[in-house]
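Everything on this sheet refers to the single structure shown next.
The values are calculated or read from the model by the stated rules, or taken from the named source; none is laboratory data. Quantities reported herein were computed from a predicted structural model and do not represent experimental measurements. Reconstructed Cβ throughout: ideal geometry from the backbone, glycine too, with neighbour counts over all protein chains shown.
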Amino acid sequence: MLPILDVFLQIALRRRGPEDLPDSRFLLLLAGAAYVLAQAVLAAPVYGSPLALARSLVLDLLLLCGCLWGLLRLAGHAPRYRQTLTAVFGTGALLSVCMLPFNYWLDLTVEPGKPALGPTLGLLAVVSWSLVVNGHIFSRALSRPFIAGLAISIAYFFLNYLVFAQFGPPPA
C-alpha cells in the first residue's frame, strides 16, 4: 500500500503522472472512497445536515466523473479514464487532508470583524497547488502541454463553483 501512496505523493509533486498508476478498478474504488471521506470531513461543518452533505458529495462526484469522461473521450484518450480518475481522487484526498488543519484553524480563529490571515493563506496555497496538480494530471492524460492542463483545471474549478452555486445544497 505504501508504494501506491508514494505514487500519489509523487503525482502531487508533479514528478509522476496518472500513467504510473495501475489500471485497477479496486484502486479506483479505494482512491474514490478516500476522496469522498476526505471531502466529507472538510464539508461537514459547512453543510451541517447529513442529507445536504451527501447531496453535495454526489454532485461533486457526478460532475468530476462526467467532465473527466467527456474530456478524455473528446480528446480520443478514453482508455486513460480509470487511471486519470484514480490520480485525481488520490491526489484530491491527499490535498484535502492538507487542508484540514487550516480549516480547523480557521474555525477556531473566526471572530467578527477580524480577518484570519494565516488559515486563509494556508487554504489558498493548498487550493492553488490543487489546481496545479490537476493541471499536471490533465496534461499528462491528454498528452498536452502543462499550460493546457492548467487551463482545463482552472476552467473545471470555475465550472464546479458555478454548478454548486446553482444546484448545490445550501450550506447550513
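Brief remarks follow.
- Breaking point among (1) surrounded by 14 or more Cβ atoms within 10 Å (Cβ to Cβ); (2) within 25 Å of residue 139 (Cα to Cα); (3) without any contact (Cβ under 8 Å) to a residue 40 or more places away in the chain, for residue 40: (2)
- Residues of the range 75-101 classified as within 19 Å of residue 148 (Cβ to Cβ) and among the β-branched types (Val, Ile, Thr), total: 3
- In the range 58-71, the residues that are surrounded by fewer than 15 Cβ atoms within 10 Å (Cβ to Cβ) reach residues that are part of a helix (DSSP H, G or I) with C-beta atoms within less than 9 angstrom, at least six apart or across chains, in these pairs: 69/78; 69/81; 69/85.
- Any hit, the range 44-57, residues being of a type in the set (S, T, N, Q) and at pLDDT 95 or above: no
- First in the range 1-29 and on the phi > 0 side of the Ramachandran plot, second anywhere and of a type outside the set (Ser, Thr, Tyr) and crowded, with 18+ Cβ neighbours inside 10 Å, Cβ under 8 Å, 6 or more apart: 14/133; 14/136
- Verdict on residue 40 being in a helix (DSSP H, G or I) and either over 30 Å from residue 120 (Cβ atoms) or at pLDDT 95 or above (or both): yes
- Number of the exception - residue 144 against (1) in a helix (DSSP H, G or I); (2) surrounded by 12 or more Cβ atoms within 10 Å (Cβ to Cβ): (1)
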